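A.B. asks: One structure follows; several queries about it will come next.
The values are calculated or read from the model by the stated rules, or taken from the named source; none is laboratory data. Note that the structure is predicted; figures quoted are calculated from it, not measured. Neighbour counts run over all protein chains shown; Cβ positions are idealised from the backbone, glycine included. SASA here: full protein model, heavy atoms, side chains in, ligands and nucleic acids out. Shrake-Rupley method; radii C 1.70, N 1.55, O 1.52, S 1.80 Å.
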Amino acid sequence: MSDRTLIVGNWKMNLNTSEASVLLHRLEERIKAHQDIEVVLAPSTLVIQPLSLQIDRHKFRLAAQNAFFKDEGPFTGEVSFTQLRDLVHYVIIGHSERRLHFEESLGIVRDKVAASFRNDIIPILCVGETQSERRAGETRQVLHDQVTSALSNLTANEVEDMVIAYEPVWAISTFGGILAKPDEVKKEMDFIRHQVRELYGAKAAKRVRVLYGGSVDDQIVGGYLEIDGCDGVLVGAASLNYHKFAGIVDRAYHINRQPKEKPNEPDEK
Ligand code: PEP
């Protein structure tokens, strides 16, 4: 667990090796190291290794966008958490693009979270409802199922260390990009913490980092970062634009200069 604001850029399946190197270079020029902000870059698996040699570790950490839950073996085309463990600090797990395009089930996501901890990589678990689930009034059920299953078989200490990103699918730029209102986002983030509390107690609920993701850019990020209990943002499209991504970090820096409180949870169960 950390009190630093977490800003994660998900580059998705974009940029070849030299383009990724240029973007990293531009980001390093624009973004300063801030003690209270942690900036994480999630490039495609292909470029993690070369970027790990180039990256300024005072400014950035690396994340993978996905990994396979078995540690090694005959799984052609897959890359395991074990293979990534010395290269990345975080892995994004259960992103809606993986759940929807690659039919990742609740069980697969759960196994990936477990594999992540087994290999000393912190999972960034993505949860969120689709537009049709939202219209059908199923948001809470979906969040409950996604959080409960992904967190099964973990220890309270592991849950305290992990990151959960609330990403309503309808708000993600590639799935519609409808802007979610911060007060609505807050209710679902509170619900996620409530689920964690039910499963692992008040301490884990307080310490788990909860992010928001969905069409966040430098212009609107403030509305989400100011949500009480929001520990940061997961950024897709805007993370490929160094002006916008650096602007998001700048905004976080200025917001952190204002007093901010965590949700009012007691320290112990
Ligand atoms: C994402 O894919 O996790 C995401 C938040 O994307 P975008 O910022 O483009 O909506």
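A.B. asks: Among all residue pairs at least 6 apart or on different chains, which show Cβ distances below 8 Å where the first residue, located in the stretch 139-150, is within 14 Å of V169 (Cβ to Cβ) and the second is surrounded by fewer than 19 Cβ atoms within 10 Å (Cβ to Cβ) and modelled with pLDDT of 95 or more?
C.D. replies: From residues that are within 14 Å of V169 (Cβ to Cβ), the pairs are T139/E133; V142/E133; L143/F191; Q146/L106.
A.B. asks: Turning to a different aspect of this structure: Here is a list of conditions, (1) open to solvent by 30 Å² or more (accessible area, probe 1.4 Å); (2) near the ligand (Cβ under 10 Å from one of its atoms), and A165 meets all of them except one; can you say which number that is?
C.D. replies: Of the numbered conditions (1) open to solvent by 30 Å² or more (accessible area, probe 1.4 Å); (2) near the ligand (Cβ under 10 Å from one of its atoms), the odd one out for A165 is (1).
A.B. asks: Still on this structure, I have one more. Examine the stretch 82-94 for a residue that is of a type in the set (V, I, T), over 18 Å from the mean Cα position of the chain (by Cα), surrounded by fewer than 18 Cβ atoms within 10 Å (Cβ to Cβ) and part of a loop (DSSP other than H, G, I, E, B), and state whether such a residue exists. Talk me through it step by step, then tell me what you get.
C.D. replies: The first filter runs over the stretch 82-94 and keeps only residues of a type in the set (V, I, T), leaving 82, 88, 91-93.
From the residues that got through so far, the ones that are over 18 Å from the mean Cα position of the chain (by Cα) too are 82.
Adding the requirement that they be surrounded by fewer than 18 Cβ atoms within 10 Å (Cβ to Cβ) leaves 82.
Then drop every residue that is not part of a loop (DSSP other than H, G, I, E, B), which leaves none.
No: the stretch 82-94 contains no residue that is of a type in the set (V, I, T), over 18 Å from the mean Cα position of the chain (by Cα), surrounded by fewer than 18 Cβ atoms within 10 Å (Cβ to Cβ) and part of a loop (DSSP other than H, G, I, E, B).
A.B. asks: Against the definition (open to solvent by less than 10 Å² (accessible area, probe 1.4 Å) and either modelled with pLDDT of 95 or more or hydroxyl-bearing (S, T, Y) (or both)), how does I55 come out, yes or no? If you could, list the steps in order and put the result at the bottom.
C.D. replies: Working: open to solvent by less than 10 Å² (accessible area, probe 1.4 Å): no; either modelled with pLDDT of 95 or more or hydroxyl-bearing (S, T, Y) (or both): yes.
No, not satisfied.
A.B. asks: Take the stretch 174-189 and flag every residue that is surrounded by fewer than 16 Cβ atoms within 10 Å (Cβ to Cβ) and either in contact (Cβ under 8 Å) with a residue 60 or more places away in the chain or more than 13 Å from the ligand (Cβ to nearest atom) (or both).
C.D. replies: T174, K181, D183, E184, K187
A.B. asks: Kindly indicate whether I220 is open to solvent by less than 20 Å² (accessible area, probe 1.4 Å) and either within 17 Å of the chain's Cα centre (by Cα) or within 16 Å of the ligand (Cβ to nearest atom) (or both). Spell out how you get there, then give the answer.
C.D. replies: Details: open to solvent by less than 20 Å² (accessible area, probe 1.4 Å): no; either within 17 Å of the chain's Cα centre (by Cα) or within 16 Å of the ligand (Cβ to nearest atom) (or both): yes.
Criteria not met by I220.
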